[in-house]
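Trainee: After the structure tokens below, expect a handful of questions from me.
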Amino acid sequence: MATPGITLIVLYYLSLGSCFSRLPRTQSIPLFILLCSFFFFPIRSLLDKFKSESELVFLDVGQGSATFINLPDGKKILVDGGGPSSKKFNVGESVIAPYLWHRGFTRLDAILVTHPDADHYNGIPFLLRRFKPETLWINGEDGHDWRYQELLDIAKELHITVKKASAEDLILSGKGAKLRNINNPLQEIESERSNDKSVVLRFTDAAFTCILTGDISKKTEQALLQSNTDLHADILLAPHHGSKTSSSYSFLDAVNPEQIVVSAGRFRPEYFPSQQLREYCSNKPVPLLNTAEHGAIRVQITDREAKIELFTSAQQ
């Protein structure tokens, strides 16, 4: 169940009180039942299908990655969903699901795992069971341990369609907004590292573009440049959490972003983002937004502009 808004809670108690008032039962009881139904079928989620803007939310999941994308027609996808993990903590259960429920969302249309590294997928098994997406997109790799196979087994158990993201696949679209796979030249080369086989995505809506890069290294960046792929974007989700293994200057120049987002934890700031990336952003200059410093980063896209909202700013 989605977290009810304060208005719904107030109306619930008022209608409950009306059941014990002098209001005729033929009016109070149907009203009470109607309001109770909104706990199971949230109004916010229903109205979401009629909105005209898109949004991207780079969630603060610590040292990991999770990007929520909400299209104009209400279609929703989560790109990656992993972070720190222990027996007492699961990022899907403790961070991602509560955020979605708080927004009034109880279903996802799709989930995409850019590559089978735990910090990109270890919260997804919980999300598959609770949000039951129609499709689980993967890059086709087997993964490093049994936990990734368990994720695929859960998808099979729940009859979720598992698809390998191939060149230029359209992952999700709605009212002009599109999330499309960019052809990663190294994805089909068996000898390449898992990180370099990450699914690379382009999100477009109106005049706005965002590139999502998984954990690709400079090697894949150069392969993308040599393939003459159009990489220009307004926002870049920095590869590999802003590590020094990625974000070559030639790649960043080709993307030429107005903002660079880093999804990283708080405990290794000297590595994520790297000093090289910090220097590039300082010299360019390009604003560098880090979830470790700003919390969740929300981008609302309309026909006229893309508005960025930082969790830390919203709390002030």
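Trainee: Dipole of the stretch 136-267, Cα-centred, from +1 at each Lys and Arg C-beta and -1 at each Asp and Glu C-beta, to the nearest 20 debye?
Mentor: Computed charge dipole of the stretch 136-267: roughly 240 debye.
Trainee: Specify the residue with the greatest mean-square fluctuation among 58, 89, 105, computed from a Gaussian network of the chain linking alpha-carbon atoms under 10 Å apart.
Mentor: In the Gaussian network model the winner is 89.
Trainee: Non-local amide H neighbours of residue 215 (under 5 Å, H modeled in plane, Pro and chain starts lacking H): which ones?
Mentor: Amide H neighbours of residue 215: 198, 240.
Trainee: Hey, which aspartates and glutamates would be in cross-link range of residue 76, C-alpha to C-alpha under 14 Å, not counting anything within fewer than 8 residues on its own chain?
Mentor: Here the aspartates and glutamates satisfying the reach criterion relative to residue 76 are 48, 53, 55, 109, 134.
Trainee: On to the next question. Which of the lysines could be linked to residue 218 by a straight reach, that is with a Cα gap under 28 Å, when you skip same-chain ones fewer than 8 residues away?
Mentor: Result set, ordered by chain and number: 163, 164, 178, 197, 244, 284.
Trainee: For the chain, list the DSSP H helices whose alpha carbon atoms reach 20 Å or more along the long axis and whose average Kyte-Doolittle value is 1.0 or above?
Mentor: Qualifying helices, which must be both long enough and hydrophobic enough, are 25-40.
We did not get these values from a lab; they are worked out from the coordinates using the rules stated. These numbers were taken from a predicted model, which means no experiment stands behind them. Every residue, glycine among them, receives a Cβ derived from its backbone with ideal geometry; neighbour counts consider all protein chains shown.
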